[in-house]
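Please read the structure below before turning to the comments.
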Amino acid sequence: MVLLVPSLLGLALLVLPMAGLLVRAPWGRLPAILSSADVLTAVRLSLVTATVATVVCLVCGVPIAWVLARTAWPGRSLLRGVVTVPLVLPPVIGGIALLMAFGRRGVVGGWLDETFGVSLPFTTAGVVMAQAFVAMPFLVVAVEGALRTSDRRYDDVAATLGASAWTTFRRVTLPSVAPGVLAGAVLCWARALGEFGATVTFAGSFPGTTRTLPLEAYVAIGSGDTDTAIVLSLLMIVVSVGILVGLRRHWVGTA
Amino acid sequence: MSLHAEIELTRGDLDAQVSLEVPAGQVVALIGPNGAGKSTVLDVLAGLLRPQAGRVVLDDIVLDDVAGDVHVRSQDRRVGIVVQDYLLFPRLNVLENVAFGLRARGVARAEARARAREWLRRMDLLGYERRRPASLSGGQAQRVALARALIVEPRLLLLDEPLAALDAGTRPAVRAQLRRHLAGYDGCAVVVTHDPLEAMVLGDRMVVIERGRVVQEGTPAEVAGRPRTEYVARLVGLNLLRATATGRVAEVSRSGDGAADGTASVTLAHDAHGPVHIAFAPAAVTLSPTRPDGSARNVWPVTVHDVEAHGDLVRVTATGAVSVLADVTPLAVADLDLAPGAQVWASVKASEISVYPA
């Protein structure tokens, strides 16, 4: 009894809001809302930015994970700390930090602006940066874990067969951690898709260029368009649950 | 054309100082108890571990020279390794595994595959090209691993417990196959094992290491006939005593330094002088309830310590003035009531004892 009551309360806290969405959902208007221009624009923008952010995270994050898992040097734990900070940092703070670095008066941003005339804040590229900033740790942690459990002696054998470090990584190490990379990429993509705080702070909320799905939902609820907000929320929930179920099957399948 | 290695390395509890000579075409069996440093030596030869001192020279090419700060990386050495669990790349099929070394060295895909197929034919594995390593039997996986290592024509082949992962039923056949393949290999080969039979079947020469030091080396027959340490004696199934001989009598010493401590003496069939090893087979030992008579017999009172089945016979471990293993018939066990704690006399004919300088 002592355990049952709090666990039921906790469950209610998690389930009731979603149930509320289902109850209040304007089922009759669902197709019309989903196919409205604003929503379609936001969906398209979200899909594109989350996918690009995931690719960025893969390109940068897999090497970081390799360094964390396979090398030993004094600064390694510091690197791990830096990489995982976005996991616990409020995304809005991340957005502010991005502004300080890449804003027009930021440390790097000012130089980029003067030298190349490139400005990142309040652009679609800024959205991708905000998403990658927040989602990178999910990928790095997943891939590092996979690398740690893969047998390093395969690398040794590959080396004795004349393979360079790069060949070994490409043909032996990466294939052996492919499931972990895939799982990390999916989590990373889901996190990028749901990103709000860093995006709105660093990239703003401009329809078509930076207003992604979560921002669209926030704008809708703020402007009194509850129905649109509910439909977008349901859409995000369906995607999240779908990804979690898919990953669960992956984890259970490999366990 | 040969391998010449002098390796010094301290790692954890291990303090290794090993020197190894392997002429081309010869297979050296490196044998020793767990933790003796066998795998460490192998890792150094493979270039996976740098020694703290010493040199490794293969076919006149210096691979490691600590004093000269030379270290050739694994990928640049002509060294192949086959390990206990084979480590076939799980995501590549059999053909891709065998072709891996050629591809890594820049051989075109079609040629690499053709040569890999030729190696599979040689290993009796045609038809397995597209199989995943996980679907192979232990013996097949071992042949794939061997083909993968040999296809790049290494000058030094390292085998780390190549038969240990096989079940007892298939081991003899795979061992015979491996011996055949090694006989056809013209480079230097080092087989690490802890199984004396494997060492004797596969090795042209045995090198025994204990606690990081080479304690004995020679042909399998030399090592089997004249063990020099307790470990080797146990491996080859002989009793070994250290003693100091004066003519036909040798005083046994039970301490490691060879000094006689007056607890037992051994009568010899031939004159000998100075520190000697005395070896005799457990089957040469007779156990009796009373002190046996007879000339040129060595007799010691002993206490039975352990009794266990050993083939058709029973192996009795007894301790006393000397510690001996004795192989006796099950009938004798019943007659003598040989249970742990029983007091008996152990005797060995002088003519059954082999004596050689320590």
Which one of the conditions (1) open to solvent by 20 Å² or more (accessible area, probe 1.4 Å); (2) within 12 Å of chain A (Cβ to nearest Cβ); (3) polar (S, T, N, Q) does B:Q52 fail to meet, given that it meets all the rest? (2)
Can you go through B:V307, B:V328 and tell me which one is assigned by TED's automatic domain parsing to the domain that holds B:A245, open to solvent by less than 40 Å² (accessible area, probe 1.4 Å), out of contact with any Cys (no Cβ under 9 Å at 6 or more places or on another chain) and touching a residue at least 24 places away in the same chain (Cβ under 8 Å)? B:V328
Quick one: which of A:G180, A:G162, A:G95, A:G126 is without any contact (Cβ under 8 Å) to a residue 24 or more places away in the chain and crowded, with 22+ Cβ neighbours inside 10 Å? A:G162
Mind listing just one residue for me: the one in segment B:148-158 that is farther than 14 Å from B:V27 by Cα and among the charged types (D, E, K, R) and, of those, surrounded by the most Cβ atoms within 10 Å (Cβ to Cβ)? B:R148
Pick from B:E129, B:E161, B:E111: which is open to solvent by 10 Å² or more (accessible area, probe 1.4 Å) and within 14 Å of chain A (Cβ to nearest Cβ)? B:E161
Sole residue being away from every other protein chain (no Cβ under 14 Å) and exposed (fewer than 15 other Cβ atoms within 10 Å of the Cβ), chosen from B:D64, B:D60: B:D60
Among the residues of segment A:6-26, which ones are open to solvent by 70 Å² or more (accessible area, probe 1.4 Å) and either more than 25 Å from A:T228 (Cα to Cα) or free of Cβ contacts under 8 Å to residues at least 24 places away in the same chain (or both)? A:P6, A:L8, A:L9, A:L11, A:L13, A:L14, A:V15, A:L16, A:P17, A:V23
Within segment B:232-242, can you find the residues that are outside any strand (DSSP E or B) and open to solvent by less than 30 Å² (accessible area, probe 1.4 Å)? B:V232, B:A233, B:G237
Those helices (runs of 4 or more DSSP H) lying entirely in segment B:85-201 with at least 1 residues of a type in the set (K, R) and within 29 Å of B:A233 (Cβ to Cβ): B:171-183
Output for segment B:67-84, where each listed residue is more than 14 Å from every other protein chain (Cβ to nearest Cβ) and in a loop (DSSP other than H, G, I, E, B): B:A67, B:G68, B:D69
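The values are calculated or read from the model by the stated rules, or taken from the named source; none is laboratory data. As the structure is a computational prediction, the values presented were derived from the model and not from experiment. Cβ coordinates were reconstructed from backbone atoms using ideal geometry, including for glycine residues, and neighbour counts include every protein chain displayed. Ligands, DNA and RNA are stripped out before the accessible areas are found, and what is left, the full protein with its side chains, is counted by its heavy atoms. Shrake-Rupley method; radii C 1.70, N 1.55, O 1.52, S 1.80 Å.
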